[in-house]
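The next block holds one structure in the form of structure tokens; read it before the comments.
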Amino acid sequence: MVTASGMNAMGHVWMPTIRAHSGGDVFVERLASGLRERGWTVTIDWFDQRYEFVPGALSSRRPPQGTQIIHANAQSGYAFAGHGLPLIVTEHHFVLDPAYRSHKSALQHMYHRLVTGRAALRSMREASLVTTHSRFVARTVMDACPRVRPRIIPLWVDLERFSPSLPAPREGRPLRLLFVGNVSRRKGFDMVLALAGRLGADVEIRCTGGLRGVDHGDLPTNVVALGRLSDDELVQAYRDCDAALVPSRYEGFGYSALEAMACGRAVLGFACGSVEEIILDGEHGFLVPVNDIDGLEHRARQLLADAALLARLGAAGRYRAETLFTERLGVDAYIGAYADVLASHRRA
């Protein structure tokens with residue numbers, strides 16, 4: 001249990017969370033930090049990942065004394081609905097979206113259909129309010145649950161930590177791209193290898209985030225595995241690259257695109273899901289149709305040939321991050337959501 005209180009606390013939020021070692025964990029930590037800075041009391045209870053299989057087993061866990069709001073992930077939220085308190089459920093990525101089916105194995109699909117997807121549907125139906133991070137995810141939720149009207153609150157990054165630096169001089173070195181993700185087809189790791197093969201010595205693609213199961217000795221010489229990085233190391237990796245490579249085929253939000261923008265780096269990737277809500281093609285980077293490796297190569301060569309273009313796209317991306325994806329906007333929106341559900345709860 002992790003608890004922190006502020007002087008003259010505005011309210012007490014309990015965040016019971018199954019640790020998934022994913023962007024969902026990052027969301028909880030960033031939201032809790034922002035709330036505490038505004039005087040809220042936040043208690044985070046982290047539960048082992050095995051509870052993903054049986055989230056209902058968490059129903060016996062009691063909220064801390066003084067809790068006014070429960071805020072949980074959709075995959076486990078229903079387990080905390082029986083305490084007579086307002087329940088906010090956040091859906092990061094609705095796994096039963098039919099468009100997601102082609103990006104996962106038959107075993108994953110069965111697991112999502114029988115376990116996590118079923119839990120998410122129940123949680124969203126029992127919640128006082130459902131939030132999502134993008135219009136894309138909100139649409140997938142409403143298609144499955146027509147009575148649910150999610151509130152869309154975009155994610156954010158720490159703009160002081162994720163901040164620009166001058167790029168390394170380009171003379172005599174290849175275009176340096178950074179891929180943050182795992183080796184799944186959904187994240188497009190196969191496209192990382194394909195692009196590396198096409199561009200050869202003209203590109204160096206650095207990878208971090210989870211290359212488990214990949215023999216690093218089998219990687220092309222222009223693909224470099226950085227391993228798992230700390231937050232500070234990740235910021236430096238963005239600063240050391242010329243652009244971020246985001247070839248995801250399906251994305252609920254796209255933290256890596258936003259983190260790259262905050263660091264003043266252009267983004268090169270596929271126009272899919274919520275990525276199109278973060279990046280405007282031609283303004284903050286280049287987005288090509290999903291699976292268009294020819295288009296990806298063409299845009300990469302444009303970036304390779306034009307340092308001024310890279311700088312312009314990166315600067316525009318930083319401005320967009322500062323304007324639309326700030327902690328102040330995100331945390332204030334959640335405080336507004338908490339106020340709304342508390343008011344409704346008092347009237348009930």
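Among the residues here, VAL13 does not qualify as part of a strand (DSSP E or B) and within 18 Å of ASP158 (Cβ to Cβ).
On the stretch given as region 144-177, residues that are over 28 Å from GLY34 (Cα atoms) and either surrounded by 13 or more Cβ atoms within 10 Å (Cβ to Cβ) or among the hydrophobic types (A, V, I, L, M, F, W, C) (or both) total 10. The criterion of at least 1 residues that are at pLDDT 95 or above, assigned by TED's automatic domain parsing to the domain that holds GLY34 and closer than 30 Å to TYR319 by Cα is met by the following helices (runs of 4 or more DSSP H) wholly inside region 44-158: 135-144. Evaluated against (1) under 30 Å from ARG139 (Cβ atoms); (2) of a type in the set (S, T, N, Q); (3) surrounded by fewer than 16 Cβ atoms within 10 Å (Cβ to Cβ), SER230 falls short on exactly one condition, (1). Within the bounds of region 220-231, is there any residue that is over 19 Å from VAL267 (Cβ atoms), assigned by TED's automatic domain parsing to the domain that holds LEU296 and in contact with an Asp or Glu (Cβ under 6 Å, 6 or more places away or on another chain)? Yes, because at least one residue in region 220-231 is over 19 Å from VAL267 (Cβ atoms), assigned by TED's automatic domain parsing to the domain that holds LEU296 and in contact with an Asp or Glu (Cβ under 6 Å, 6 or more places away or on another chain). Filtered by the rule that a residue be among the basic types (Lys, Arg), touching a residue at least 60 places away in the same chain (Cβ under 8 Å) and under 30 Å from LEU96 (Cβ atoms), region 212-271 gives a lone residue, ARG249.
Look at region 92-113 and say how many of its residues are in contact (Cβ under 8 Å) with a residue 40 or more places away in the chain and touching a helix residue (DSSP H, G or I) at 6+ places or on another chain (Cβ under 6 Å). Steps first, please.
Of region 92-113, the ones in contact (Cβ under 8 Å) with a residue 40 or more places away in the chain are 92-94, 96-97, 99-100, 103-104.
Checking the rest, the ones that are also touching a helix residue (DSSP H, G or I) at 6+ places or on another chain (Cβ under 6 Å) come to 92, 94, 96-97.
Going through region 92-113 one residue at a time, the tally reaches 4.
Apart from one condition, MET261 fits all of (1) more than 25 Å from ASP202 (Cα to Cα); (2) not assigned by TED's automatic domain parsing to the domain that holds MET15; the exception is (1). Might you check whether a residue that is farther than 21 Å from LEU166 by Cβ, in a loop (DSSP other than H, G, I, E, B), at pLDDT below 95 and among the acidic types (Asp, Glu) occurs anywhere in region 278-287? No, region 278-287 contains no residue that is farther than 21 Å from LEU166 by Cβ, in a loop (DSSP other than H, G, I, E, B), at pLDDT below 95 and among the acidic types (Asp, Glu).
The values are calculated or read from the model by the stated rules, or taken from the named source; none is laboratory data. Since the model is a prediction, treat every value here as computed from it, not as a measurement. Reconstructed Cβ throughout: ideal geometry from the backbone, glycine too, with neighbour counts over all protein chains shown.
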